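Asker: Pasting a structure here, questions to come.
The values are calculated or read from the model by the stated rules, or taken from the named source; none is laboratory data. In this text the structure is predicted, and so the values were computed from the model without any measurement. Here the Cβ positions follow ideal geometry from the backbone for every residue, glycine too, while neighbour counts run over all protein chains shown.
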Amino acid sequence: MSDATHTRVTLVVPAKPGRIFDLLATPYRLPEIDPSGATVSDENASPVTAEGQRFRMNMVTRYGPEPVPYQTEHRVDAFKHNRLIGWIVAPVGGDPAGWSWRFELTPIEDKKKRTDVALTYDWSATSAENVARFGIPDHDPADLEAWLVRLAAAVKK
């Protein structure tokens with residue numbers, strides 16, 4: 001689903017919510033699920049254990065002739081152990097850029113150990129200046145589906 005301020009996709013992942021949540025709450029594993037290759041590594045981040053935490057990620061822009069490295073700070077604004085995790089993205093030392101990522105995990109009550117995972121990319125707080133500067137929204141439903149497919153593969157490891 002996509003509208004003027006956010007895109008949301010879901011996928012049933014063959015794993016328990018705790019296993020999926022552990023991967024999402026471990027910043028050094030996030031590059032495994034980013035199909036764009038923009039997320040390179042974490043900057044010595046600890047696992048996420050609560051709302052209000054911050055962690056830095058080493059990123060690379062894929063626009064232009066050469067990749068350009070940069071860092072982002074992820075400010076955890078949603079956290080419910082094994083059910084919900086999300087963060088607002090900001091430049092290091094700066095104000096939030098106006099977009100956020102949220103993963104909601106809903107266990108499917110059957111014997112197959114499956115979880116419905118919803119990923120929401122929300123740019124409702126992005127200024128007109130940042131919309132123009134960064135080409136927001138810069139992720140469509142197919143991009144988010146690719147994130148979830150990679151997440152499903154990563155939790156099998």
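Asker: So which of Asn58, Asn82 ends up being part of a loop (DSSP other than H, G, I, E, B) and surrounded by 12 or more Cβ atoms within 10 Å (Cβ to Cβ)?
Answerer: The conditions single out Asn82.
Asker: Restricting attention to the stretch 132-146, does a residue exist that is farther than 19 Å from Ser36 by Cβ, surrounded by 14 or more Cβ atoms within 10 Å (Cβ to Cβ) and touching a strand residue (DSSP E or B) at 6+ places or on another chain (Cβ under 7 Å)?
Answerer: No, there is no match, as no residue in the stretch 132-146 is farther than 19 Å from Ser36 by Cβ, surrounded by 14 or more Cβ atoms within 10 Å (Cβ to Cβ) and touching a strand residue (DSSP E or B) at 6+ places or on another chain (Cβ under 7 Å).
Asker: Something else: State whether one or more residues within the stretch 62-78 are touching a helix residue (DSSP H, G or I) at 6+ places or on another chain (Cβ under 7 Å), free of Cβ contacts under 8 Å to residues at least 24 places away in the same chain, small (Gly, Ala, Ser) and farther than 20 Å from Arg150 by Cα.
Answerer: No, because not a single residue in the stretch 62-78 is touching a helix residue (DSSP H, G or I) at 6+ places or on another chain (Cβ under 7 Å), free of Cβ contacts under 8 Å to residues at least 24 places away in the same chain, small (Gly, Ala, Ser) and farther than 20 Å from Arg150 by Cα.
Asker: Now for a different question. Find all pairs meeting these conditions: Cβ atoms under 9 angstrom apart; at least six residues apart or on different chains; first residue within the stretch 15-43 and in contact (Cβ under 8 Å) with a residue 60 or more places away in the chain; second residue assigned to a strand (DSSP E or B) and among the charged types (D, E, K, R).
Answerer: Ala15/Arg114; Lys16/Arg114; Arg29/Asp42
Asker: Continuing with this model, one more query. For Asp122, work out the one condition from (1) under 19 Å from Glu32 (Cα atoms); (2) among the charged types (D, E, K, R); (3) buried (at least 18 other Cβ atoms within 10 Å of the Cβ) it doesn't fulfil.
Answerer: Checking Asp122 against (1) under 19 Å from Glu32 (Cα atoms); (2) among the charged types (D, E, K, R); (3) buried (at least 18 other Cβ atoms within 10 Å of the Cβ), the one that fails is (1).
Asker: In this structure, is Thr106 hydroxyl-bearing (Ser, Thr, Tyr), more than 15 Å from the chain's Cα centre (by Cα) and at pLDDT below 95?
Answerer: no
Asker: So which of Val155, Val149 is surrounded by fewer than 17 Cβ atoms within 10 Å (Cβ to Cβ), at pLDDT 95 or above and on the phi < 0 side of the Ramachandran plot?
Answerer: Being surrounded by fewer than 17 Cβ atoms within 10 Å (Cβ to Cβ), at pLDDT 95 or above and on the phi < 0 side of the Ramachandran plot holds for just one of Val155, Val149, which is Val149.
Asker: Still on this structure: Go through the stretch 107-119 and report how many residues are surrounded by fewer than 16 Cβ atoms within 10 Å (Cβ to Cβ) and not acidic (Asp, Glu).
Answerer: Total satisfying the criteria: 5.
Here is a yes/no grid of residues against (1) more than 26 Å from Ala142 (Cβ to Cβ); (2) buried (at least 17 other Cβ atoms within 10 Å of the Cβ):
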residue	(1), (2)
Val12	no, no
Phe21	no, yes
Arg29	no, yes
Glu32	no, no
Ser46	yes, no
Glu51	yes, no
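Asker: For the stretch 121-129, check the following and say yes or no: at least one residue is within 23 Å of Ile20 (Cβ to Cβ) and not charged (D, E, K, R).
Answerer: yes
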